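Asker: Shown below is the structure under consideration.
The values are calculated or read from the model by the stated rules, or taken from the named source; none is laboratory data. What you see is a predicted model; the values in this text were computed from it and never measured. Glycine gets a Cβ as well: all are built from the backbone with ideal geometry, and neighbour counts include every protein chain shown.
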Amino acid sequence: MNSTATQTGLFSTDRRDKWWVGPLASGLGLAAFGAYSTWAAAIGVHYEFGPYLSPFYAPLIKWDAFPFSPAFLILWAPLGFRATCYYYRKAYYRAYFMDPPGCAVGEFRGHGYKGETSFPFIIQNVHRFFMYVAVLFIFMLGYDAVKAFTWDGQFGIGVGTIIMTINVLLLGSYTFGCHSLRHVIGGKTDCFSCTKFGPVKFQAWRGVSFLNSRHQLFAWCSLFSVGFTDFYIRMCSMGIFTDVRLL
Amino acid sequence: METTMSVYRGDKNSGRFVDYKVKQFEGMVVLDAIHQIQAEQSTDLACRWNCKAGKCGSCSAEINGKPRLMCMSRMDQYNDGKPIVVRPLRAFPVIRDLVTDVSWNYEINKKIKPFKPKAKEADGTWRMQQYEVDRVQEFRKCIECFLCQNVCHVLRDHDKKNEFGGPRFLVRAASLEMHPLDTEDRIDMIKDSLGSGLCNITKCCTEVCPESIKITDNGIIPLKERIVDAHFDPVVWLWRKITGKPAQPTK
């Protein structure tokens, strides 16, 4: 059933606004982060400075038999979490797959479209398993941030301490606003007053919903903060930056 | 101030854009301009409208390429000196001018299993808490303007009308499925008949909704997660095997 008013073709639209700015910015942002994080993870050096540990290497697993950078032992988890995230799916389906490039903007038409019903995109359904691991990682990164307050057995705060703390707060806000967590923690319940711990589930669901309504914001802020935290620690480790001690 | 309106004129076989000059007044909306054209220049221009208050969902169209309600689109936001282009919804067949045949939507609606409340309590009533129904009341705001159906690329570009019900009916299914009193199981129907897996959550439906319903975040994604529970989560499957709990423990 086709409308006779239909125009076809990639990017065909009557829209006059700058609809392409969003997908372009998302595409460039994700590509820039992907390039930097791959490089930072692959080189396997300058990821520690004093009590600081780069989030690309946390939790740090030093396994002599593993011939590559230790970052590759752990990065699959945050990568999988973000790659299957409901927000990032929107971002990269628009930016890279152009499916669609924008709302009411033409794309490659075809009846072969399968969405997320077949391989490879049916794999998106594993998102909740990555979420479970990502929640564990938040606690591990929180532990690293607490450790960053200790200098030679003494309490201390450096600029890096603050950066690591903000990073874990942003990552936590992103992770605890996950759509899958929202479902698991209470969203699957229809009648809260009819189930055990219903009021607790409802409050938990409401809390996750609050963060979930800002999921896009925290997705980008946490992506930037992870990259910047690694960059700062790397620069300190290389002697390019001097970490200022505040306390 | 005079503004040029470029309005689609045609039927299911062919059509073209015709330019009309209208006098713009303060507070004027696009539907006013269409009515002015009907009254003064082209009495046979067809458009569907009713309330002129953004609540009946009749006057859906594409204005400068964006799916919108004509009655809620002020003319002064388009004062860029170019003609304002008004065309019918692209995802549905044109009947005449700005009127499209949206009857396919009503056929999809028939696929959705109706509300099936649990047994009444001893005093002959049902009870539910306001905070439990707030979630589904958001979906009840839908005015069936079908802008979400029109902008959804699965229907608009891929023409999957035989396999996909569209955001409007996923939201309607969600409004029933998440109701605290409902006992019906619609998960397989949502997955298979409404084709929820075809939605790749690019959120255009949410962007165009005139009632600001969070269609994707609050409707479609929670349904997708329930489908993961039922079909794609081996841990849930094993837990149900061990405990003998039904597929939808919350019902």
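Asker: What is the residue count in region B:71-95 for residues that are touching a Gly at 6+ places or on another chain (Cβ under 9 Å) and either β-branched (V, I, T) or not assigned by TED's automatic domain parsing to the domain that holds B:V29 (or both)?
Answerer: Qualifying residue count, region B:71-95: 2.
Asker: Suppose we filter region A:99-128 for residues that are surrounded by fewer than 19 Cβ atoms within 10 Å (Cβ to Cβ), at the interface with chain B (Cβ under 8 Å from one of its Cβ atoms) and assigned to a helix (DSSP H, G or I); how many remain?
Answerer: 3
Asker: Where in region A:147-245 are the helices (runs of 4 or more DSSP H), entirely inside, with at least 3 residues that are away from chain B (no Cβ under 14 Å)?
Answerer: In region A:147-245, the matching helices (runs of 4 or more DSSP H) lie at A:159-175, A:215-237.
Asker: Given (1) in contact with a strand residue (DSSP E or B) (Cβ under 9 Å, 6 or more places away or on another chain); (2) within 19 Å of A:D99 (Cα to Cα), identify the lone condition not met by A:G9.
Answerer: Tallying (1) in contact with a strand residue (DSSP E or B) (Cβ under 9 Å, 6 or more places away or on another chain); (2) within 19 Å of A:D99 (Cα to Cα), A:G9 fails exactly one: (1).
Asker: Mind listing whichever residues of region B:1-48 are over 15 Å from B:I63 (Cα atoms) and either in contact with a His (Cβ under 6 Å, 6 or more places away or on another chain) or within 14 Å of chain A (Cβ to nearest Cβ) (or both)?
Answerer: B:G10, B:D11, B:K12, B:N13, B:S14, B:G15, B:R16, B:A46
Asker: Of the numbered conditions (1) small (G, A, S); (2) under 20 Å from A:H215 (Cβ atoms); (3) surrounded by fewer than 19 Cβ atoms within 10 Å (Cβ to Cβ), A:G44 satisfies every one except a single condition; which is it?
Answerer: Only one criterion is unmet by A:G44, namely (2).
Asker: Yes or no: region B:129-141 includes at least one residue that is within 29 Å of B:N50 (Cα to Cα) and outside any helix (DSSP H, G or I).
Answerer: Yes.
Asker: Could you tell me whether any residue of region B:73-90 is buried (at least 16 other Cβ atoms within 10 Å of the Cβ) and more than 14 Å from chain A (Cβ to nearest Cβ)? Outline the logic, then answer.
Answerer: The initial filter retains those residues of region B:73-90 that are buried (at least 16 other Cβ atoms within 10 Å of the Cβ), namely B:73, B:75, B:78, B:83-90.
Within this subset, residues satisfying the condition of being more than 14 Å from chain A (Cβ to nearest Cβ) are B:75.
For region B:73-90, residues buried (at least 16 other Cβ atoms within 10 Å of the Cβ) and more than 14 Å from chain A (Cβ to nearest Cβ): present.
Condition check ((1) away from every other protein chain (no Cβ under 12 Å); (2) among the hydroxyl-bearing types (S, T, Y)) across all residues:
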residue: B:V154; (1), (2): no, no
residue: B:E163; (1), (2): no, no
residue: B:R168; (1), (2): yes, no
residue: B:D188; (1), (2): yes, no
residue: B:K191; (1), (2): no, no
residue: B:S196; (1), (2): no, yes
residue: B:T202; (1), (2): no, yes
residue: B:C205; (1), (2): no, no
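Asker: Of B:K118, B:K55, B:K110, which residue is facing chain A (nearest Cβ under 10 Å) and surrounded by fewer than 17 Cβ atoms within 10 Å (Cβ to Cβ)? Don't jump to the end; show me each part of the working.
Answerer: Numbers: B:K55 fails: facing chain A (nearest Cβ under 10 Å); B:K110 fails: facing chain A (nearest Cβ under 10 Å).
Selected residue: B:K118, the only one of B:K118, B:K55, B:K110 that is facing chain A (nearest Cβ under 10 Å) and surrounded by fewer than 17 Cβ atoms within 10 Å (Cβ to Cβ).
Asker: Taking into account only those residues within region A:80-98 that are facing chain B (nearest Cβ under 7 Å) and charged (D, E, K, R), which is nearest to the chain's Cα centre (by Cα)?
Answerer: Ranking the candidates gives A:R89 first.
Asker: Further, regarding this structure: Scan region A:46-91 for residues that are free of Cβ contacts under 8 Å to residues at least 40 places away in the same chain and in a loop (DSSP other than H, G, I, E, B) and report the count.
Answerer: Of the residues in region A:46-91, 12 are free of Cβ contacts under 8 Å to residues at least 40 places away in the same chain and in a loop (DSSP other than H, G, I, E, B).
Asker: Shifting gears a bit: Filtering region B:192-251 down to residues that are modelled with pLDDT of 95 or more and among the basic types (K, R), which residue is farthest from the chain's Cα centre (by Cα)?
Answerer: B:R226
Asker: Output yes when any residue across region B:134-149 is crowded, with 21+ Cβ neighbours inside 10 Å, touching a Phe, Trp or Tyr at 6+ places or on another chain (Cβ under 7 Å) and in contact (Cβ under 8 Å) with a residue 60 or more places away in the chain, and no when none is.
Answerer: no
Asker: May I ask you to say which residue of A:G34, A:G9 is modelled with pLDDT under 95 and either out of contact with any His (no Cβ under 9 Å at 6 or more places or on another chain) or surrounded by fewer than 13 Cβ atoms within 10 Å (Cβ to Cβ) (or both)? Working first, answer last.
Answerer: On the way: A:G34 fails: modelled with pLDDT under 95.
A:G9 is the lone residue from the list that is modelled with pLDDT under 95 and either out of contact with any His (no Cβ under 9 Å at 6 or more places or on another chain) or surrounded by fewer than 13 Cβ atoms within 10 Å (Cβ to Cβ) (or both).
Asker: Okay, next question. Which numbered condition in (1) surrounded by fewer than 20 Cβ atoms within 10 Å (Cβ to Cβ); (2) in contact with an Asp or Glu (Cβ under 9 Å, 6 or more places away or on another chain) is the only one that A:S180 fails?
Answerer: Result: A:S180 fails condition (1) only.
Asker: Could you count how many residues in region A:196-247 are crowded, with 16+ Cβ neighbours inside 10 Å and modelled with pLDDT under 95?
Answerer: Here the count works out to 1.
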